[in-house]
Amino acid sequence: MSLTPATELAAKNKAHHPNESPAYREARNKLLAEEIELRRHIAEVAEKRRALPMGGEIPEDFTIVGPNGPVKFSSLFGDKDTLLVYSYMYGPQRKRPCPMCTSMLSSWEAAARNFMQKASLAVFARSPIERLEDWKKERGWKFLKLYSDSDGAYTRTYVSPEDADVPGMNVFARRNGRIYHFWAPEMSMEMNDPEQDPRGAPDPDTLWTMFDMTPEGRDPKWYPSLDGVGGVLHQIDLDANPPTK
């Protein structure tokens with residue numbers, strides 16, 4: 001497909017704001033062209049992601065624990081053919097869950113109701129289900145579905161072979177009655193650019209996308225907290241709640 005150059009599309013921009021200077025408008029239209037290119041690249045990468053062949057078939061139909069007792073991994077698909085599983089940093093050794101994971105899941109809570117019209121979504125953690133249900137009630141989450149990976153089999157297979165309390169996200173697809181791994185973010189901290197906080201692309205947490213639109217941008221020394229105040233994480237906090245943004 002032949003696309004109109006982004007600069008030509010940006011030249012059609014009719015937006016103006018009160019008291020802006022000619023220098024602002026010139027710079028803004030140049031940035032607009034870059035934003036159009038970014039939109040195209042995001043769409044291109046998403047298309048290539050969708051074109052991936054199926055990954056490996058899951059080695060077993062894991063048993064996890066929901067609010068009503070043990071269930072099989074395959075049952076989480078329901079009537080959908082796609083399942084996204086997020087592994088929440090809330091292992092039994094933590095007094096409270098990771099604030100970064102919680103921030104992201106809080107934004108997902110609002111989207112989950114709509115997301116699950118097209119695909120299934122589940123949140124796994126290593127804590128007992130009673131603890132997860134209590135936390136879900138405390139946060140006021142209604143649509144996110146939390147499950148306990150009580151024996152750790154799923155976590156060791158798809159998140160951390162050492163069963164570490166680290167975040168993870170995996171997408172699975174069901175084809176002809178068989179379940180395959182499809183995609184997971186694979187950008188590690190070793191792949192960060194200089195001075196960049198750890199994150200993949202796209203960023204699944206809308207909080208940071210919102211900050212990207214502000215004059216200050218992301219503050220690498222600020223992290224959300226469970227009480228909604230936020231601030232700098234000290235080393236003791238980093239040891240217990242490693243940042244995942």
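Restricting the first member to the range 163-188 and to residues that are touching a residue at least 24 places away in the same chain (Cβ under 8 Å) and of a type in the set (S, T, Y), and the second to residues that are in a loop (DSSP other than H, G, I, E, B) and buried (at least 16 other Cβ atoms within 10 Å of the Cβ), the beta-carbon pairs closer than 9 Å and six or more apart or on different chains are Y180/I58. Annotation: of all residues in the range 187-205 being among the acidic types (D, E) and closer than 18 Å to W222 by Cα, the one that is modelled with the highest pLDDT is D205. Looking at (1) in a loop (DSSP other than H, G, I, E, B); (2) without any contact (Cβ under 8 Å) to a residue 60 or more places away in the chain; (3) farther than 30 Å from K136 by Cα; (4) not hydrophobic (A, V, I, L, M, F, W, C), find the lone condition where K30 falls short. Among (1) in a loop (DSSP other than H, G, I, E, B); (2) without any contact (Cβ under 8 Å) to a residue 60 or more places away in the chain; (3) farther than 30 Å from K136 by Cα; (4) not hydrophobic (A, V, I, L, M, F, W, C), the lone unmet condition for K30 is (1). Within the range 142-165, the set of residues being within 18 Å of the chain's Cα centre (by Cα) and over 22 Å from K80 (Cα atoms) comprises T155, V159, S160, D165. Filter the range 146-171 for residues that are in contact with a Phe, Trp or Tyr (Cβ under 9 Å, 6 or more places away or on another chain) and part of a loop (DSSP other than H, G, I, E, B); which is surrounded by the fewest Cβ atoms within 10 Å (Cβ to Cβ)? Out of the qualifying residues, it is D151. Residue count for the range 172-201 under the criterion of being loosely packed, with under 14 Cβ neighbours inside 10 Å and not in a loop (DSSP other than H, G, I, E, B): the result is 5. Scanning the range 202-224 for residues that are assigned to a loop (DSSP other than H, G, I, E, B), free of Cβ contacts under 8 Å to residues at least 60 places away in the same chain and not hydroxyl-bearing (S, T, Y) returns D203, M213, P215, E216, G217, R218, D219, P220, K221, W222.
Every residue, every condition in (1) farther than 25 Å from A153 by Cβ; (2) assigned to a loop (DSSP other than H, G, I, E, B), yes or no:
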site: L38; (1), (2): yes, no
site: A43; (1), (2): yes, no
site: A46; (1), (2): yes, no
site: E60; (1), (2): no, yes
site: P70; (1), (2): no, no
site: K118; (1), (2): yes, yes
site: R131; (1), (2): no, no
site: D134; (1), (2): no, no
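Among residues belonging to the range 46-76 that are without any contact (Cβ under 8 Å) to a residue 40 or more places away in the chain and of a type in the set (A, V, I, L, M), point out the one that is surrounded by the fewest Cβ atoms within 10 Å (Cβ to Cβ). Ranking the qualifying residues of the range 46-76, first place goes to A51. Taken residue by residue, the range 208-215 has at least one member that is among the hydrophobic types (A, V, I, L, M, F, W, C), within 19 Å of W108 (Cβ to Cβ), surrounded by fewer than 12 Cβ atoms within 10 Å (Cβ to Cβ) and at pLDDT 80 or above.
The values are calculated or read from the model by the stated rules, or taken from the named source; none is laboratory data. Computed from a prediction, not measured in an experiment: that's the story for all the values here. A quick note on method: Cβ atoms are made from the backbone with ideal geometry, for glycine too, and the neighbour counts reach across all protein chains shown.
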